[in-house]
Every structure is written in C-alpha cells, then in structure tokens.
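Worksheet: one structure, shown below.
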Amino acid sequence: MDKIRIAVIGAGGIAGAHLRAYSACAARCEIVGIADVIPAAAEAKVAQYGGRAFNDAETMLDTARPHAVSICTPPKFHLPAVKAAAARGISVLCEKPPARNLAETEAIVAAMQGALLQFAFCHRFHPPLKAAQALIQSGQLGKLAQIENRFAFRFSRAGKSWFTDAEISGGGILIDTLVHSIDIFRALTGGDEIESAQAQVSSALPIEVEDSASLLLKSRGGVIGTLNCSWVTPVSEAVLRIYGTEGQAIIDYNAAAGLRYKLADDADWTEQNFDEPDRFVAQADHFLRCIENGSAPLVRPEDGLAVMRIIETAYQSAGVLQ
Ligand SMILES: NC(=O)c1ccc[n+]([C@@H]2O[C@H](COP(=O)([O-])OP(=O)(O)OC[C@H]3O[C@@H](n4cnc5c(N)ncnc54)[C@H](O)[C@@H]3O)[C@@H](O)[C@H]2O)c1
C-alpha cells in the first residue's frame, strides 16, 4: 500500500500531539493538509510538520484528498467535520469528547456507518494502563472492587476560551476531562454495563460551566468507581488506583514509575517501567494499522456512545440537564 495520506482539521493544542504522532509513523503516512479557521494556526503547524495549510476543512478534503483525517477542533465542530469526511469516504480519528452531547454522537456514528471511526480516547494506549488491564485479566488482583481516579490541575484557559463556553464545548470539566475517566473505568471493567452513575458538579470560578466534578459509578459486575476532576486545584494530579480482592495497582502519570502494584502476600511494591511509544504515537499507529488491515479500532464507535450516555446521565443526576 502507498503511504496513507493524512489531514488534520483544527490546528491548536491537541493537533500538535496528532501531528507529532503521525510524524513518528512517517514511514507509513504522509501529512498532506492541515486546516484551521485561523490561517496562521494552520500555517504554523505546516511549517513544523509539512503538508499544505487551508482555512477551510472541506476545501482541504477536496484538494489534498486525504485517506484519513484527525478531527482536532472544539466539540461543536466535530459533527460537521465528520459529516464532511464521511461524504468523501475518509477514515476519521475524532478527538474526545465525541461531541457536545449524545444526540450529536449518535449522528457522528450514523454518518460513519461502514467506515473507520476511532474516537481518540488516548488513555487506552497509555502503556501503564495496558499493563494494568493485563494484570486484571491475569487474575492477580483478584475480583475488582473499586477504581479511584483523579485528574486535576489549574487550567489557565478556564474562563478565557471555548472550553468554558457550553455552546461550543457541551459543558465543563465533566464532559471535557472526566470523559477520559469514564472511558478508563469502562476499559478496566471490560466494558461492563454501568448500573448507576451519580454526579455532583460545582464552580469555584465565575464561569457558566462546572470546573470541578465528581462521579460515582457502579458497574453491573459490582465495581465502584469514584472519579474526580478539577480545573481549579493548583497541584497537578493524574492518578488512577485500582483495588481488587488480591491486590492493588497505582498509575501515577506524574511519577517516575509507570505502574506500581502490590499483591496480598507481597512484602513490597512491584514497579513496572515502560519505554514503549507514548499514548499519542500508539493511538496513531493503531489508527494507521486499522486503515492498512481494514480492522476494527480498539476504541469502537459504541464506546463513544456508551461514554456519552453516562455523561448525559451524570449531568441529569447533577441537575445540569433535565
Ligand atoms: N486527548 C486529549 O488528551 C485532549 C487534550 C486536549 C484537547 N483535546 C480535545 O481536542 C479538541 C481540540 O482541543 P484543543 O485543546 O486542541 O483546542 P484549541 O483551542 O487549542 O485548538 C482548536 C483549534 O481548532 C480551530 N477550529 C475551530 N473551529 C474550526 C473549524 N470549524 N475548522 C477548522 N478549525 C477549527 C481553532 O481555530 C483552534 O486553532 C477538543 O475536542 C478537546 O477536548 C483532547
């Protein structure tokens, strides 16, 4: 197969991670176009990663003729970008959250019926998370009981960007960041159905969306998840704790060790370190492999729908949605 022709729509922060990842796979793909409504944003990324700059996504798709596109715009623009790709038979890697709400996510999945659609839940490709999944599947942690997760930091763009404009983002930190936590919980519990989802949200900042959120989940298999996210706490934390009847595991994204675990009879913690490609490179590599082999993506369209159903239930339980 010739090199896969790649385009990127939206040339902001996360587009840099996609472009860096495709560059790491340069033997198999070629960046042919980068589109942004701000021409200078597209041009800056082209100067760094190559391809041709466009200020209109549809013009880019017709001119640069990519096989595949990464959609890296704010959520409001995911659906129109997906529809434009779908109409041209182009494979899609779509950033999280899938869209502003469940209805738009359903429209994305319907538009891509029969074509390759991968939602960019990048933590699925985080090497320590894959190792934790293997540890759970090996049975060494026993029966899973609880999963705790906290993603928190002081977000300088809160109150100053689309991230806190609900009309563009679909909500605050719950849909923006806790969406990752829900996907991680589902991945660790094997996609088990969620029996209950209850959220609380609040805002310390004078903004229209929540800047802190907590979600209590229970899977049908009995695993309890306590997921906490905040944009207003200054000490950056990204920690996942997995508790089973025979041991526990910790992934601290800010620590030197990738994964630490301790089993019931262990005197000490075991540390596992990883020198595999990071999650963005692994995600792009997987997307390219799905195109090359015609195989189904690890993160399936149904996963995006399932996560957005939980987001909707969470917002309803918190009184944000009817
Ligand atoms: N996977 C992750 O960990 C992660 C991290 C950050 C952001 N994201 C997601 O990536 C997406 C983008 O976030 P970001 O941080 O890069 O935002 P950003 O504001 O840095 O960049 C978005 C870019 O999209 C452009 N844009 C807006 N509308 C457009 C349109 N119709 N066509 C073309 N370009 C358009 C903007 O001009 C801007 O340059 C969001 O869905 C966000 O939630 C994911």
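Derivation of every value follows stated rules applied to the coordinates shown; laboratory data play no part. A quick note: this is a predicted structure, and the numbers were derived from the prediction, not measured. Note: ideal-geometry Cβ built from the backbone for every residue, glycine included; neighbour counts use all protein chains shown.
If a/c stays under 1.5 just call it rounded; otherwise compare a/b with b/c (prolate if a/b is bigger, oblate if not). Do that for the range 1-127, with a ≥ b ≥ c from the square roots of the Cα gyration tensor eigenvalues. It is rounded, given that a/c, with a ≥ b ≥ c, falls under 1.5. By the gyration tensor of its Cα atoms, with a ≥ b ≥ c the square roots of the eigenvalues, what is the shape of the range 95-220: rounded for a/c under 1.5, prolate for a/b over b/c, or oblate? Oblate is the answer for the range 95-220, as a/c is 1.5 or above yet b/c matches or exceeds a/b.
Label-to-label distance for Ala27 and Ser156 is 3.8 nm, based on points extended 7 Å past Cα in the beta-carbon direction. From least to most packed, judged by other beta carbons within 10 angstrom and beginning with the fewest, Asp176, Asp278 follow the order Asp278, Asp176.
Lysine pair count for the chain with Cα-Cα distance under 26 Å and sequence separation of 8 or more or different chains is 18.
Which trypsin sites (Lys or Arg not before Pro) in the range 119-158 sit in a loop by DSSP (not H, G, I, E or B) and have at most 16 other Cβ atoms within 10 Å of their own Cβ? For trypsin sites (Lys or Arg not before Pro) across the range 119-158 that sit outside H, G, I, E and B with at most 16 neighbouring Cβ atoms in 10 Å, the list reads Lys143, Arg157. Subtracting the Cα-Cα distance of Trp269 and Arg88 from their residue separation scaled by 0.36 nm leaves 60.0 nm. The residues neighbouring Asp165, those whose beta-carbon lies less than 14 Å from its own, together hold a net charge of -1 under the Lys/Arg +1, Asp/Glu -1 convention. 3J(HN,Hα) along the range 159-165, derived from phi through the Karplus expression 6.51 cos²θ - 1.76 cosθ + 1.60 where θ = phi - 60°, amounts to x, 10, 7, 4, 4, 10, 10 Hz, with x in place of Gly and Pro.
With neighbours defined as other Cβ atoms within 10 Å of a residue's Cβ, the residues Cys229, Cys25 order from fewest to most as Cys25, Cys229. Amide H contacts of His67: Arg5, Ile6, each under 5 Å away and 5 or more positions distant or on a separate chain (H built 1.01 Å from N in the peptide plane; Pro and chain starts excluded).
The relative contact order of the range 50-171 comes to 24 percent, based on Cα pairs under 8 Å that sit 6 or more residues apart.
Label-to-label distance, Ala134 versus Asp62, with points set 7 angstrom from Cα along the beta-carbon direction: 4.8 nm.
On full extension of the chain, what length is gained from Glu276 through Arg20, given 0.36 nm per residue of separation minus the C-alpha to C-alpha distance?
90.6 nm
If each residue's Cβ is checked for other Cβ atoms within 10 Å, how do Glu276, Glu312 rank with the fewest at the top?
Working: Glu276 14, Glu312 18.
Placing the least packed residue first, the sequence is Glu276, Glu312.
Considering only the chain, what is the antiparallel percent among its DSSP beta bridges, to the nearest 5?
Values: 37 of 65 bridges.
That works out to approximately 55 percent antiparallel.
Normalised by the number of residues in the range 176-245, the average gap of Cα pairs under 8 Å and 6 or more apart makes the relative contact order 27 percent. What the phi angles of the range 240-248 give under the Karplus curve with 6.51, -1.76 and 1.60, with θ = phi - 60°, is a coupling list of 10, 10, 10, 10, x, 5, 10, x, 9 Hz, glycine and proline written as x. Computed on the chain, with alpha-carbon pairs under 8 angstrom and 6+ residues apart, the relative contact order is 19 percent.
Backbone amide hydrogens, once placed in the peptide plane, bring Glu237 within less than 5 Å of Ala152, Phe153, excluding anything fewer than 5 places away on its chain.
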